[in-house]
Amino acid sequence: MTDPVLATYGLTKRFGAVTACDGVNLDLRAGEIHAVIGPNGAGKTTLIQQICGTLSPDAGRIEFLGHDVTATGAQARARAGLARTFQISALAMDDTVLQNATLGALGARGGAFGMLRKALDDNNLRSVAMAALDRVGLADLATMRTAELSHGQRRQLEVAVALALAPRAFVMDEPMAGMGAEGSHRMTAFLDGLRAEAPILLVEHDMDAVFALADRLSVLVYGKIIATGTRDEIRADRAVRKAYLGEDA
Amino acid sequence: MSREGLINAALLAGLVAIPLWAWAGDEPFTITLATRVAILALAGVGLNIALGLGGLVSLGHAAFFGIGGYAMGILASHAQAYDPIMESPILIEGTKLMPVIWIIAIVAAALAAVVIGALSLRTSGVYFIMITLAFGQMFYFFSISWPAYGGEDGLSIYLRNDFPGLNTLDPIQFFAICMVLLLLALWFNARLAQSPFGLALGAARQAPRRVETVGLSPFRLRLVAFVISGAITGLAGALFADLNRFVSPAMFSWQTSGEIIVLIILGGVGRLCGPVAGAALFITLEHFLGELSEFWHIYLGLLLLAVVLFARGGIIGLLAGRAATHD
Amino acid sequence: MPPARIPGRRFVTIILFIEQVLNGIQFGVMLFLMAAGLTLVFGVMGLINLAHGSLYMVGAFAAAAVATATGSFLLAIAAALAAAAAAGAIVEIVVIRRLYARDHLDQVLATFALILIFSEGVRWIFGSFPLYLDIPAYLSGPVSLPGGIEYPRYRLALIGVGLSIAAGLFWLISRTRLGVRIRAGESDREMIAALGVDISRLYTVVFALGAALAGLAGALVGAIQSVQVGMGEPVLILAFVVIVIGGIGSIKGALIGSILVGLTDTLGGVLLPEVFRLFMDNSAASSTGAALASMLIYILMAVVLVWRPQGLFGGTA
């Protein structure tokens, strides 16, 4: 078996007396969607923050593409090809849709040093950005101000910015959050095709989407992973049924 | 051309036309007022790059304005006294040549901005405001207590510095110099805003987390913006000192920082020509209200309060409506 | 300690040093009165108030005017407290409360506008010439401290007043109902509003309290310096330095930051020229020393920033 693209070993984070992340071992393999599910307050956000480098773990190790990145900052991890989307959209609201996507393209290029040429006149940047918008279905809205996008469209733009980075792995925090049924469907179909390009670590509440997409699932409860496995394995897992349904083991 | 574009064109045309008309009518004082507008606007353009594009509320830009002023004062005073600034290890002489003075003013202000920026940008929000204000004050007290260049009394230059091929003592010619520099700075600002750097800087203002997750450093973007901003304000300081043929610690004072910010706000934050409109209004108010009342700052204060509380977009905002996206 | 060659001179130097330490503490506690109000207002309302220096000036002018009219120093101090608190309350109700929800840029500009209005208004009323506030007879002259140190009675009184007020503030914040509300206001506005506390009145009270402290500082310092327009802003900026060092919102940070800044500024001004005298001629040493001393507190601030960007006692920023 090939090495995982992204892996954590014994990742631990405490806030005072609360252990928000407790010895988490997790891996993301090429070509898969690995979903992390768990009840609210299970520590999913803490986990994502550590993986992406905005929070440093108290113990444990994170490897990305075979390198130990535990001590590397968020920006360096992004440059190495780890793309994150946010649960609450983090976009430049006064800028156009295209400008936001271009930001991703700038990140892929490795810097924003040009000061005198128009960013949008740069054909490389523009084509990368437009291609990303096209793939999420926002190409027609490229010149619209981001603040005028609907909630679901902002989620799509989040993904487009990540796409423009041409990443080696995605970490997506609830990409379906707040989307209607139809939008959720389309996003599911889109992510389904995306896994071949780069594997996705998906944190999501929408269980229909999760069970439709995930090759493997990990269940996080009180900072601990209580089970990892395929859909069927997770459905049958006693600990999971207990945590979710309160059934006796 | 957008409505804001038309307003900008009219504004700049007016700023050129009025001194030309005054020149024809032999009213040098009006030309001097227009020159002040151009120079203050240039200082404002500098600050606007940090404030408007980068969202960095610097209350210490007087530091750069003053450094530009003293760069001019020190170089010119040594030159007029035929007294080298330094003899060993290498000979450094003063100069009366404007382009050389400008370059030194820009470099000195930029260096100061690197240091102040690197320290202040470790923080944000209110801390950033207080720290920039404090560093500005540091230069103020240093200039007062450093006796070599006039201390509290400042430094006078007998003759305005030279520009090859021009008579800088002729008000209209000096105005032309300042106006050209202002136009260059505005051109640069406009290009910068649409450049990859400007795009990333603007995003760092609106969504810093996003900029980090595409692998760019908001800190570095802001620092570069702060340095460019300080350098332009430093150039304006050198011109301002040349206009008055005098530098003093007042250029470093917190009021100067406040006034540069105020003229941006009066004009409209983040608007390309906001500083021009603001500087024009500021000088007009100073001139006319100053004639009406010794206490014209009260009216300025009331006006500013009204703009902040009720007219957020400043003059250009009132005339042009909501800000267009930079596209 | 090895025997000094000129014992007398060394003795004098130590006395001078202790005097300067006292001066530094005196300067520090007066800064604390400014910084405490600023940091409270920021901690509770999230507002940066540039016009805090104007309230300092209002206090000083009110004191000078009342002292001239009545000859009573205590009445003058009472007037300073009342005038500054009243000015603070009015300004809060008319202008400041519109700014709480605004961004810091708007707060900076509006309070800068207030400085212009206050400064020119006071100049209009009192003119441009400085006023003087006399130290009352019972507080003037030196007092003998143990060790043969003669120290101005008034400055010693300032230290006493400043430290008592600091103690009073700690008591107020930690032991009284107002203090509970202030602390609650710092952490959770909606919650205390939901509990039925009149939040806008609380804000007015906190602002007026901060203003009164600033006015008191202005009056007390006005008696050893001159009372003039523009006297508040340099002190305001020093108080900002104090807050940056101490950490925003922390009264304890404000106190320790104030004393640090006071001592650094005072001792730096005396000691640095002496240090330079060791390897420079006299006049060069004085000017270089004085110029560097003027930068010392800002260097202190820079060091704290590098070491702890959120200030000594600030929470994680």
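What's the center-to-center distance, using Cα atoms, between region A:164-233 and region C:157-188 in Å?
Region A:164-233 and region C:157-188 have Cα centres spaced 52 Å from each other.
Please report, in cubic angstrom per residue, the volume enclosed by the convex hull of the alpha-carbon atoms of region C:160-265.
Taking only Cα atoms, region C:160-265 has a hull volume of 114 Å³ per residue.
Take each complete run of DSSP H in chain B, measure how far its Cα atoms stretch along the helix's own axis, and keep only those covering 30 Å or more with mean Kyte-Doolittle hydropathy at least 0.0; list them.
B:3-24, B:98-120, B:125-145, B:171-194, B:218-244
Which whole number gives the average count of other chain Cβ atoms within 10 Å of the Cβ atoms across peptide C:237-245?
Mean shielding by partner chains, rounded to a whole number: 5.
At what distance in angstrom do the alpha carbon centres of region A:96-150 and region C:203-262 lie from each other?
What the calculation gives is 49 Å, centre to centre.
Once the cut-off is 21 Å, how many percent of the Cα-Cα pairs in region B:144-246 end up in the long-distance tail?
Working: 2872 of 5253 pairs.
Summing the P(r) of region B:144-246 above 21 Å gives 55 percent of all pairs.
By how many degrees, between 0 and 90 and to the nearest 10, does the Cα long axis of helix A:123-136 differ from the longest principal axis of chain A?
Tilt of helix A:123-136: around 50 degrees.
Going highest first, how would you order B:218-228, C:272-282, C:299-309, B:47-57 by mean Cβ packing within 10 Å?
Highest-to-lowest ranking by the protection proxy: B:47-57, B:218-228, C:299-309, C:272-282.
Quick one: check the C-alpha center-to-center distance for region C:10-66 versus region C:112-137, whole angstrom.
18
When only Cα pairs under 8 Å and 6 or more residues apart are kept, what is the percent relative contact order across chain B?
On the way: 542 pairs, mean separation 104.6, N = 327.
Computed value for chain B: 32 percent relative contact order.
If you line up the Cα atoms of region A:92-166 on their principal axes, what length do they span on each, largest first, in Å?
Computed over region A:92-166, the largest-to-smallest principal extents equal 32, 23, 17 Å.
State the percent of C-alpha pairs, over all pairs in region B:201-327, separated by a distance greater than 19 angstrom. Please report the intermediate quantities before stating the final value.
Values: 4933 of 8001 pairs.
When all Cα pairs of region B:201-327 are counted, 62 percent exceed 19 Å.
Which of these, B:117, B:14, B:25, has the largest mean-square fluctuation under a Gaussian network model of chain B (Cα springs below 10 Å)?
B:25
How large is the charge dipole for chain B, taken about the Cα centre, if only the Cβ atoms of Lys, Arg (+1) and Asp, Glu (-1) carry charge, to the nearest 20 debye?
For chain B, the charge dipole is close to 1420 debye.
Above 39 Å lies some portion of the pair distances; for chain C, what is it as a whole percent of all C-alpha pairs?
16
Positive end of the dipole of the protein assembly as shown, charges at C-beta (+1 Lys, Arg; -1 Asp, Glu), about the Cα centre: which of C:231, B:113, C:18 has its Cα farthest in that direction?
Highest projection toward the positive end goes to C:18.
In the protein assembly as shown, what % of DSSP beta bridges are antiparallel (nearest 5)?
Numbers: 29 of 46 bridges.
Around 65 percent of the beta bridges assigned by DSSP in the protein assembly as shown are antiparallel ones.
Can you check how the C-alpha radius of gyration of region C:241-301 compares to 2.2 N^0.38 Å, as a plain ratio?
Taking the Cα Rg and dividing by 2.2 N^0.38 Å, one obtains 1.32.
Tell me, what is a quarter of the convex hull surface for the C-alpha atoms of chain A, in nm² with one decimal?
14.3
Report, as an integer, the average count of C-beta atoms from other chains found within 10 Å of each Cβ along C:296-306.
Mean shielding count: 4.
Tell me, what ³J(HN,Hα) does each residue in region C:162-171 have, in order and in whole Hz, if you take phi through Karplus 6.51 cos²θ - 1.76 cosθ + 1.60 with θ = phi - 60° and put x for Gly and Pro?
In residue order, the calculated couplings are x, 5, 5, 5, 4, 4, x, 5, 4, 5 Hz.
Two-decimal Rg/Rh of region C:57-110 from alpha-carbon positions, Kirkwood Rh?
When Rh is taken as the Kirkwood radius, the ratio is 1.20.
If the reach is capped at under 27 angstrom between alpha carbons, list the lysines near residue A:44, excluding any in the same chain fewer than eight residues apart.
List returned: A:13, A:224, A:242.
Tally the DSSP beta bridges in chain A and give the antiparallel ones as a percent, rounded to 5. Display every interim value, and only then the final one.
Details: 20 of 36 bridges.
Percentage antiparallel, nearest 5: 55.
Is there a simple number for the mean count of other chain Cβ atoms within 10 Å of the Cβ of residues in B:299-306, and what is it?
Whole-number average of other-chain Cβ neighbours for B:299-306 is 5.
If you take the charge dipole of region A:92-166 about its Cα centre, with +1 on Lys and Arg Cβ and -1 on Asp and Glu Cβ, which of A:98, A:113, A:151 is farthest toward its positive end?
Positive-most Cα among the choices belongs to A:113.
Tell me what the protein assembly as shown gives for mean residue ellipticity at 222 nm when only DSSP H runs of n ≥ 4 count, each as -39,500 (n - 2.57), the sum divided by the residue total, rounded to 500 deg cm²/dmol.
-21000 deg cm²/dmol
Report the equivalent ellipsoid semi-axes for chain B in whole Å, largest first, defined as the square roots of five times the eigenvalues of the gyration tensor built from alpha carbon atoms.
For chain B, the ellipsoid semi-axes come out as 30, 26, 19 Å.
Quick one: net charge around residue B:204, please, counting Lys, Arg +1 and Asp, Glu -1 for every other residue with C-beta under 14 Å from its C-beta.
+2
So which residue, out of A:123, A:40, A:25, gets the largest mean-square fluctuation from a GNM of chain A using Cα contacts under 10 Å as springs?
Among A:123, A:40, A:25, the largest GNM mean-square fluctuation belongs to A:123.
Taking the 0 to 90 degree range and rounding to the nearest ten, how far is the long axis of helix C:73-94 tilted relative to the main principal axis of chain C, both from C-alpha atoms?
40
What residue among C:283, C:258, C:294 shows peak mean-square fluctuation when chain C is described by a Gaussian network model with Cα springs under 10 Å?
Answer for the Gaussian network model of chain C: C:283.
For the protein assembly as shown, what mean projected area does the convex hull of the alpha carbons give, in nm²?
Dividing the Cα hull surface by four gives the mean projection, 45.9 nm².
Find the relative contact order for region A:5-142 and round it to a whole percent, using C-alpha pairs within less than 8 Å whose residues are 6+ positions apart.
On the way: 157 pairs, mean separation 25.9, N = 138.
Once divided by the residue count of region A:5-142, the mean separation gives 19 percent.
Throughout, read-outs are computed from the coordinates displayed, never taken from laboratory work. Predicted, not measured: the structure shown is a model, and the values here were computed from it. Positions of Cβ are backbone-derived with ideal geometry, glycine not excepted, and every protein chain shown enters the neighbour counts.
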